[in-house]
Amino acid sequence: MSYFKPSKNNILLVKNIRSQKCGLRHTVFSASGNEYTGEWLDNKKHGKGTQVWKKAGAIYDGEWKFGKRDGHGTYSVLFPGSKDYSRKYCGEWKSGKKHGYGTCFYDNSSVYEGEWREDQRSGWGRMYYENGDVYEGEWLKDKSHGQGVIRLSNGNWYEGGWQDGKRDGNGRFYYTDKGLLYEGFWVDGVAKCGTMSDVGRAEAPAPPKYPFPKLHLKDMERVLREAKSACQDHRC
């Protein structure tokens, strides 16, 4: 009768397969003191799990894919001198980076909620700044870019085009405290050509002493078009 005699190599192979992390496991500690509790696949964090970084004082609780944060999860850090954690980001991840929709809490109490691409604010989003200003609109590579509205803490607000974090293109600025409206063209955050008119002057808390004079040009629209064209051509 024939029989199979296992070799040392076969025994070693069986041991390696059994030692691989796969499925649900208890907490696994690393030499640096970090710890992970959750699901594994082929020796990589995969599924739902919680990672604690001791030295950095940070924790991630959420979904993983092939060893990286991927899916929905929350990243938090320790308050200095305490055992309490503060949320820094809650939302979607991809390949270890913020990607998708999520909310980020900054150290200066500012908050952003909206879309992300590879750890940067990109797409649609709303930003609550520390000074009370609120911007809502489009973003690109961490800067307001496209169409958006910013409401300033003093009540004034702007709606229109943005580029690289600055007002750029066609836009309207409402001076609600004075009851004035500027409509025109902006370049690199500076108003270049447009019109100023009285809007809500009677309800404004600090209107100008005299009404804003009206333009008396034969072809006001033509003058504005030419001025706008000059700015676009030369980026004055």
Cα centroid separation, segment 136-165 to segment 172-195 (Å): 14 Å
Could you work out what % of the accessible surface of segment 22-234 is carbon and sulfur, using a 1.4 angstrom probe and leaving DNA, RNA and ligands out of the count? 51 percent
For segment 22-234, what are Rg and Dmax over the alpha carbons, in angstrom? 24.7, 81
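Could you work out the relative contact order of segment 22-234? I mean the mean sequence separation of Cα pairs under 8 Å and 6+ apart, divided by the number of residues, in percent. Numbers along the way, then the final one.
On the way: 493 pairs, mean separation 15.2, N = 213.
RCO, segment 22-234: 7 percent.
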HN-Hα J couplings of segment 87-102 from phi, Karplus 6.51/-1.76/1.60, θ = phi - 60°, integer Hz, Gly and Pro as x? 5, 10, 8, 9, x, 8, 10, 8, 6, x, 10, 5, 7, x, 9, x
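The values are calculated or read from the model by the stated rules, or taken from the named source; none is laboratory data. Since the structure is predicted, the reported quantities are computational estimates derived from the model, not experimental observations. Side chains included, ligands, DNA and RNA excluded: accessible areas come from the protein's heavy atoms. Shrake-Rupley method; radii C 1.70, N 1.55, O 1.52, S 1.80 Å.
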